[in-house]
1. For region A:24-32, indicate whether the set of residues that are at pLDDT below 75 and on the phi > 0 side of the Ramachandran plot is non-empty.
2. Among (1) facing another protein chain (nearest Cβ under 9 Å); (2) loosely packed, with under 15 Cβ neighbours inside 10 Å; (3) not in a loop (DSSP other than H, G, I, E, B), there is one condition residue A:349 misses while meeting the rest; what is its number?
3. Among B:208, B:166, B:159, which is the only one that is away from chain A (no Cβ under 13 Å), surrounded by fewer than 20 Cβ atoms within 10 Å (Cβ to Cβ), modelled with pLDDT of 95 or more and within 25 Å of residue B:116 (Cα to Cα)?
4. For region A:11-37, name all the residues that are surrounded by 18 or more Cβ atoms within 10 Å (Cβ to Cβ), under 29 Å from the mean Cα position of the chain (by Cα) and not in a strand (DSSP E or B).
5. Collect the residues in region A:242-257 that are away from chain B (no Cβ under 14 Å) and surrounded by 24 or more Cβ atoms within 10 Å (Cβ to Cβ), keeping them in residue-number order.
6. Determine whether region B:261-268 contains at least one residue that is crowded, with 23+ Cβ neighbours inside 10 Å, within 14 Å of the chain's Cα centre (by Cα) and either away from chain A (no Cβ under 14 Å) or not acidic (Asp, Glu) (or both).
7. For region A:15-53, which positions are more than 20 Å from residue A:147 (Cα to Cα) and within 13 Å of chain B (Cβ to nearest Cβ)?
8. Just to be sure before I move on: is residue A:260 under 25 Å from the mean Cα position of the chain (by Cα), more than 10 Å from chain B (Cβ to nearest Cβ) and part of a loop (DSSP other than H, G, I, E, B) in the structure I sent?
Amino acid sequence: MNILFGHYVADEGTVEAFGKRLPPGDPGAALKAGIGMVHQHFTLADNMTVLENIALGTQSLWRPRLDRAEARERLVRLADDFGLTIQPDAFVSALTVGERQRVEILKALYRQARVLILDEPTAVLTPAEAEALFRTLKLLVGQGLSIIFISHKLNEVMAVSDRVIVLRGGKIAGERRTAETTRADLAALMVGQEPTLPPIVEVPFGGRVLVLEEVSTGGKSSGAPLDRASLTLKDGEILGLAGVSGNGQAALAALLSGSEPATAGAITLAGEQRAPWSTLEALDLGIGRIPEDRHAVGTIGDMTVAENLILESYRSARFCSRGFLDWDAARKFAEEIIAEYDVKCPSPDARIRLLSGGNMQKLILGRALDPEPRIIVANQPTRGLDVGAVAYVHGRLIEARDRGAAVLLISEDLEEIMALSDRIAVISKGRISSVTKRGQRSMQQLGELMAGHGLEAAA
Amino acid sequence: MRLEPKPAQSLAATLLYPVGAIVVTLGFAALLVLAAGADPLSVFTLVARGAAGSQFALLETLTRATPLIFTGLAVAVAFRAKLWNIGAEAQLYIGGVATVVLGTGLLPWPSWLLLPIIAVAAMLAGALLLLGPALLKTRLGVDEVVTTLLLNFIVLLFVSMLLEGVLKDPTGLGWPQSRKVIEAAQLPRIIQGKRLHYGFVLAIVSAVAVWIIMKKTALGYEMRAVGHNPEAARFAGIPVNRVLMKTALLSGGLAALAGFSEVAGLKGNLTLDLSPGYGYSGIVVAMLAMLNPLGVVAAAIFVAGIFVGADAMSRSAGVPSYIADVMVATALLTMVVAILLSRFRVRWR
């Protein structure tokens with residue numbers, strides 16, 4: 001898709017749009033030809049408003065100022081037409097991930113795209129929002145647009161598409177008409193064989209290891225702060241926390257990771273009531289953390305695999321004595337993790353930037369799980385990964401639970417929550433719903449909670 | 001034209017970039033020499049001979065390289081943690097002030113005790129000077145490029161005030177200069193009768209020490225982590241602000257050693273022309289060295305060689321010695337481009 005849009009240049013072959021050859025490596029030409037792109041990782045300027053982001057690049061730089069009135073009118077009309085509600089004057093930095101995606105789609109529509117490329121567009125939406133998106137897409141197709149919908153979620157592909165192309169390892173593995181194929185058929189094409197979901201073993205839960213009571217935070221993290229949130233996490237369970245991103249997940253993860261203080265409420269850890277901890281204390285207390293954004297927060301791209309792996313443990317006697325680091329020990333540790341977590345990488349001295357997202361995530365898993373933490377906070381641990389890597393991450397989380405760890409799985413992917421969790425709660429606008437065993441609430445009920453309906457009553 | 005990230009490279013390929021930058025610099029300088037009406041080849045030969053053609057020339061180059069090693073190290077350390085210290089010039093002068101305050105008779109102690117004390121005091125003075133901008137950066141988000149750069153002018157005027165006032169040499173015939181440091185506060189010469197002094201040895205030792213800090217210690221690791229990705233460093237529990245403070249102290253201290261070494265080793269007193277821009281040239285040195293502390297030594301000797309050689313050349317060939325400034329400036333620009341090229345591949349469409 002980057003070649004299509006002109007970000008990258010193809011080594012061979014050409015791209016043709018509407019009968020005309022596109023010059024390679026020129027996003028401007030692609031835009032002009034009517035190709036619009038919504039990236040999985042958004043390309044918005046945080047410190048500008050929605051309106052400015054959308055108008056950016058559409059008006060001549062020689063004009064003394066943006067023609068806001070005209071741009072606003074067009075934007076509001078577009079938003080109304082496609083049911084994509086948005087506040088034109090909000091700063092992008094204040095928006096949730098879901099809202100940012102809406103801005104991205106509007107940006108492409110604003111430029112009169114005739115071919116719209118969506119890269120994993122539903123990764124961040126609630127089921128209801130995804131439904132709305134699908135309706136929008138159908139509407140656009142009805143108006144003559146072509147849409148390339150890139151996704152690894154098969155039910156979405158089945159729901160939204162007319163034609164499916166499966167890519168595997170850079171090659172087209174197969175092409176089907178949606179009406180003539182099945183999920184299993186596509187899944188087989190994707191992985192080359194039938195995928196196996198990780199088996200779920202019933203284990204009895206242990207004691208309560210972490211209890212939050214009416215905890216609020218001050219809004220240091222992005223998204224909503226926690227608002228009198230209560231949650232009980234037990235040894236030996238995976239607690240799935242569903243919710244649309246931006247509803248307090250970041251604040252909860254930051255609180256447990258030790259980077260955000262609580263402003264109210266009580267926190268009990270292993271039976272002992274205590275104040276929120278710092279990051280270093282969190283590591284000492286046995287809290288393993290898998291961050292939401294593995295590129296910006298989880299790893300340091302320009303440092304090596306070994307250097308990244310000891311980020312949380314370099315102070316320990318194993319790697320450090322009297323302020324000097326033992327690089328041989330670090331490299332040996334890295335080799336162990338690489339072997340144990342099946343990471344594909346040339347050597348412990350390779351820069352981590354050069355690794356694929358899946359391998360990067362495996363390294364983060366290794367770093368977080370190797371010290372056998374008692375609590376694991378996994379925030380969107382499989383976002384943007386391919387099927388194989390997702391299964392791997394799930395397997396590791398289940399393994400950790402089976403050895404007795406308490407796993408808090410924060411995810412926007414309801415299917416993932418349903419597949420993995422022993423108990424499920426929903427977070428919305430900083431509030432956390434009551435916890436129920438898996439299967440007690442239907443997908444639809446969870447979806448309604450995620451949209452904020454009935455949470456007060458449930459809580 | 002567009003840029004694409006490039007995979008990691010071998011050491012040999014990495015070394016190619018500074019060499020390429022120097023070749024481009026020489027090519028550009030050759031054009032200027034032609035414009036000045038001289039033959040580039042003979043001018044370059046004269047520069048090379050003036051820089052390293054005799055024992056005198058070589059020693060002179062090493063003498064000139066000494067302060068550049070210190071300021072180059074100061075910049076390399078700071079830039080590694082993405083603390084943009086443009087104020088090595090000010091820290092150098094403050095180091096010089098500390099040296100003359102303590103070294104002109106205030107402490108009547110023997111050399112073996114006095115010199116280390118003055119060196120440490122100078123480092124402290126430089127470190128504290130950079131602590132201000134660093135605090136403003138971490139607490140209030142004030143851009144340290146602006147504060148450190150502007151402090152250069154403030155400190156230079158402050159030194160001027162001192163030299164016209166409390167530090168003024170009463171026997172100096174009214175010149176704005178300090179008294180000479182006492183004999184015990186002088187860094188001895190390495191070879192009797194030559195100008196090269198033990199400041200050069202101190203510079204080499206400092207470079208090795210900084211190299212060890214950056215490569216082997218937890219602090220160096222923290223500094224690199226903070227420089228490459230402060231958010232990830234913070235998530236992992238590295239105290240980012242405290243690391244930046246330590247970086248500032250180390251960087252400011254190293255730059256101040258340049259002032260100490262120039263006053264105690266070469267000049268003997270403090271004047272307003274103690275440094276012909278060593279603080280700024282330190283940026284060139286650090287960039288040419290690609291922030292590698294041992295590379296700083298080589299880069300400092302190279303830059304010093306151009307300056308010393310150009311002086312000698314201009315006496316015999318009649319080409320202004322400003323060519324040295326042009327060459328050093330060109331070297332910085334080409335090096336910045338070379339560093340970009342080492343990380344990205346350029347695609348022409």
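1. yes
2. Of (1) facing another protein chain (nearest Cβ under 9 Å); (2) loosely packed, with under 15 Cβ neighbours inside 10 Å; (3) not in a loop (DSSP other than H, G, I, E, B), only one is false for residue A:349: (3).
3. B:208
4. A:25, A:30, A:31
5. Answer for region A:242-257, where residues must be away from chain B (no Cβ under 14 Å) and surrounded by 24 or more Cβ atoms within 10 Å (Cβ to Cβ): A:242, A:243, A:244, A:245, A:247, A:248, A:249, A:251, A:252.
6. Yes, there is a match, as at least one residue in region B:261-268 is crowded, with 23+ Cβ neighbours inside 10 Å, within 14 Å of the chain's Cα centre (by Cα) and either away from chain A (no Cβ under 14 Å) or not acidic (Asp, Glu) (or both).
7. Across region A:15-53, the qualifying residues are A:23, A:24, A:25, A:26.
8. Yes; evaluated as a whole, the condition is true for this residue.
The values are calculated or read from the model by the stated rules, or taken from the named source; none is laboratory data. Because the structure is a prediction, the values reported are computed rather than measured. Methodologically, a virtual Cβ is constructed for each residue, glycine included, from the backbone with ideal geometry; neighbour enumeration extends over all protein chains shown.
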